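Asks: Structure below; questions to follow.
The values are calculated or read from the model by the stated rules, or taken from the named source; none is laboratory data. None of these values were measured; they are calculated from a predicted model. When we count neighbours, we look across all protein chains shown, and the Cβ atoms used for this are built from the backbone with ideal geometry, even at glycine.
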Amino acid sequence: MKKIYLASSSPRRRELLNQIGIACEERPSDVDESALPGETPEHYVLRLAREKALVCANRVAREGLVDLPILAADTTVCADGFILGKPESDADAAAMLRRLSGRCHAVHTAVAVTQGGRVEVALSSTEVEFADLSADAIAAYVASGEPQGKAGAYGIQGLAGVFVRRIAGSYSGVMGLPVYETAQLLKQFGVILP
């Protein structure tokens, strides 16, 4: 398996990388995830993915670790032009799910890869349509605890998969790491994939 640093502690991202033959050493990078005034959702995720990759690169260099490609990603859900980040409470999660109920929204995931001072980024945007969600369905889902820590208060790969009427785009991008775009970036850094 090829090996990289992953600027995240996401089990979903690690699993998706393993699926395509990439082993990773997790090196989570904390950055301020506040949106800038007037920032579009697409620019927001591209900026955060790039920042996370560079923070990780600085840390790897300071610690004198082996020089490997570093991958970072960021995902956001966008409804009506508003960025729906990770819910701060159960009430916040329920409000986000009500907003998504019976409607289409966008999921944007940016991927950044850096090594040797070079940084390349890619963006995956997917349209997701939710079924109408009853108050009971929202309450049960929030009570499961699954919405916490997830952009838009849901994980398509979990219980919320039953809410999704259709998607147009990348399923793995909605999970948090678009496999196609990730593979294309890693190839640019000499990571050969099957």
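Asks: Determine the pairs where a residue that is in contact (Cβ under 8 Å) with a residue 24 or more places away in the chain and polar (S, T, N, Q), located within the range 1-23, has a partner that is outside any helix (DSSP H, G or I) and surrounded by fewer than 16 Cβ atoms within 10 Å (Cβ to Cβ) with Cβ atoms under 8 Å apart, the partner being 6 or more residues away or on another chain.
Replies: Going by the 8 Å Cβ cut-off, the qualifying pairs are Ser8/Glu26; Ser8/Pro28.
Asks: State all residues of the range 21-71 that are surrounded by 12 or more Cβ atoms within 10 Å (Cβ to Cβ), within 17 Å of the chain's Cα centre (by Cα) and not in a helix (DSSP H, G or I); if no residue qualifies, say none.
Replies: Cys24, Glu26, Arg27, Pro28, Ser29, Val31, Glu33, Ala35, Thr40, Ile70, Leu71
Per-residue answers, yes or no, for (1) touching a helix residue (DSSP H, G or I) at 6+ places or on another chain (Cβ under 7 Å); (2) touching a residue at least 60 places away in the same chain (Cβ under 8 Å); (3) of a type in the set (Val, Ile, Thr):
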residue: Cys56; (1), (2), (3): no, no, no
residue: Arg59; (1), (2), (3): no, no, no
residue: Asp67; (1), (2), (3): no, no, no
residue: Thr75; (1), (2), (3): yes, yes, yes
residue: Cys78; (1), (2), (3): yes, no, no
residue: Ile83; (1), (2), (3): yes, no, yes
residue: Ala91; (1), (2), (3): no, no, no
residue: Met96; (1), (2), (3): yes, no, no
residue: Glu120; (1), (2), (3): yes, yes, no
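Asks: Can you list residue pairs whose Cβ atoms sit under 6 Å apart, with the first residue in the range 98-110 being under 16 Å from Val162 (Cα atoms) and the second being aromatic (Phe, Trp, Tyr) and surrounded by 17 or more Cβ atoms within 10 Å (Cβ to Cβ)? Count only pairs 6 or more apart in sequence or on different chains.
Replies: That search, which allows pairs on different chains as well, returns Leu100/Phe130; Ser101/Phe130.
Asks: Picking from Asp92, Asp74, which residue would you name as being surrounded by fewer than 18 Cβ atoms within 10 Å (Cβ to Cβ) and of a type in the set (Asp, Glu)?
Replies: Asp92
Asks: Can you name every residue in the range 164-192 that is in contact (Cβ under 8 Å) with a residue 60 or more places away in the chain and aromatic (Phe, Trp, Tyr)?
Replies: Hit for the range 164-192 is Phe189, nothing else.
Asks: Could you grab the pairs with beta carbons closer than 7 Å, sequence gap of 6+ or different chains, first residue in the range 28-40 and in contact (Cβ under 8 Å) with a residue 12 or more places away in the chain and within 19 Å of Ala106 (Cα to Cα), second one among the hydrophobic types (A, V, I, L, M, F, W, C) and not in a loop (DSSP other than H, G, I, E, B)?
Replies: Glu33/Leu48; Ala35/Ile83
Asks: Where in the range 122-194 are the helices (runs of 4 or more DSSP H), entirely inside, with at least 3 residues that are surrounded by 16 or more Cβ atoms within 10 Å (Cβ to Cβ) and touching a strand residue (DSSP E or B) at 6+ places or on another chain (Cβ under 6 Å)?
Replies: The helices (runs of 4 or more DSSP H) meeting that bar are 179-188.
Asks: Could I ask something else about it? Just checking, does the range 84-105 include any residue being charged (D, E, K, R), within 14 Å of the chain's Cα centre (by Cα) and either in a loop (DSSP other than H, G, I, E, B) or modelled with pLDDT of 95 or more (or both)?
Replies: Among the residues of the range 84-105, at least one is charged (D, E, K, R), within 14 Å of the chain's Cα centre (by Cα) and either in a loop (DSSP other than H, G, I, E, B) or modelled with pLDDT of 95 or more (or both), which makes the answer yes.
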